[in-house]
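The values are calculated or read from the model by the stated rules, or taken from the named source; none is laboratory data. The shown structure was predicted, so the numbers you read here are calculated from the model rather than taken from an experiment. Reconstructed Cβ throughout: ideal geometry from the backbone, glycine too, with neighbour counts over all protein chains shown.
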Amino acid sequence: MNKLFVIVLFVSFGIFAFAQSDTLPDILTVIHSRKSVRNYTEELVSRTQLKVLVKAGMAAPTAMNKQPWFFVVIDDKEILSTLANKMMFGNMLNYASAAIVVCGDMRNVTDALPKFWVQDCSAATQNILLAAEGTGLGAVWIGVYPNKVAVKKVRKLLNLPKYIVPLNIISIGYPDGTDKPKDKWNENKVIWNKWE
Ligand SMILES: Cc1cc2nc3c(=O)[nH]c(=O)nc-3n(C[C@H](O)[C@H](O)[C@H](O)COP(=O)(O)O)c2cc1C
């Protein structure tokens, strides 16, 4: 009887430990594996997969829960190439399967929260980058706003109305494996409690 009790105890502890190790480190593994991916295979990313990414984006926190955003999802190769040619640092779009342009909706920006749309849309962007990493895709943030020339070019190409401001373009594809995560941990950049 005693033996059985010990076995049950060990098995229960094993299951508990496994469950813990299976749930907790998962998100951290994704966070620490994320990297800017600029090299892709030719495999296409489906609209279902892209929707998963946008859904992750829309799960982000926003100031006063305004959700002042729109997501322009591009899977048309011709548009991707035109964007690549227009953006100074967007050559990878020539090889990407898709892109998501994260935009701020100025109709949802109030005087009380004039600039928070940038943080809101950046939070959504990071969610999309992590969701891409976590679902086996590769992605990179291509900056647009506040570069006025870039904003104008993207706006014109995608026919965006005046109240929609493109914050960035996220280039997406299947990673070819050449891009690796960087270790950015720096203890010297951590201040505990107060600056001395
Ligand atoms: C606001 C912002 C703008 C960026 N713009 C570009 C860009 O135009 N082209 C590009 O290749 N990468 C761009 N990046 C990606 C950074 O170069 C990249 O995040 C950085 O080098 C760190 O590398 P990692 O993402 O692999 O950790 C941008 C990132 C941020 C946050």
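Listed by position, the strands (runs of 3 or more DSSP E) contained in the stretch 52-145 that have at least 3 residues being closer than 18 Å to Val30 by Cβ are 138-143. Right, Trp141: crowded, with 22+ Cβ neighbours inside 10 Å, among the aromatic types (Phe, Trp, Tyr) and within 16 Å of the ligand (Cβ to nearest atom) or not? No; evaluated as a whole, the condition is false for this residue. Of all the criteria given as (1) loosely packed, with under 10 Cβ neighbours inside 10 Å; (2) at pLDDT 95 or above, the one not satisfied by Leu4 is (2).
Scanning the stretch 148-169 for residues that are within 10 Å of the ligand (Cβ to nearest atom), more than 16 Å from Trp117 (Cβ to Cβ) and not in a helix (DSSP H, G or I) yields a total of 1. Within the stretch 82-112, which residues are polar (S, T, N, Q), within 16 Å of the ligand (Cβ to nearest atom) and touching a helix residue (DSSP H, G or I) at 6+ places or on another chain (Cβ under 7 Å)? Scanning the stretch 82-112 gives Asn91, Asn94.
If a residue must be more than 14 Å from Ile170 (Cβ to Cβ), modelled with pLDDT of 95 or more and of a type in the set (A, V, I, L, M), how many such residues does the stretch 73-98 contain? Qualifying residue count, the stretch 73-98: 1. Considering only residues that are in a helix (DSSP H, G or I), in contact (Cβ under 8 Å) with a residue 12 or more places away in the chain and surrounded by fewer than 16 Cβ atoms within 10 Å (Cβ to Cβ), which ones fall in the stretch 39-50? Scanning the stretch 39-50 gives a single hit, Arg47.
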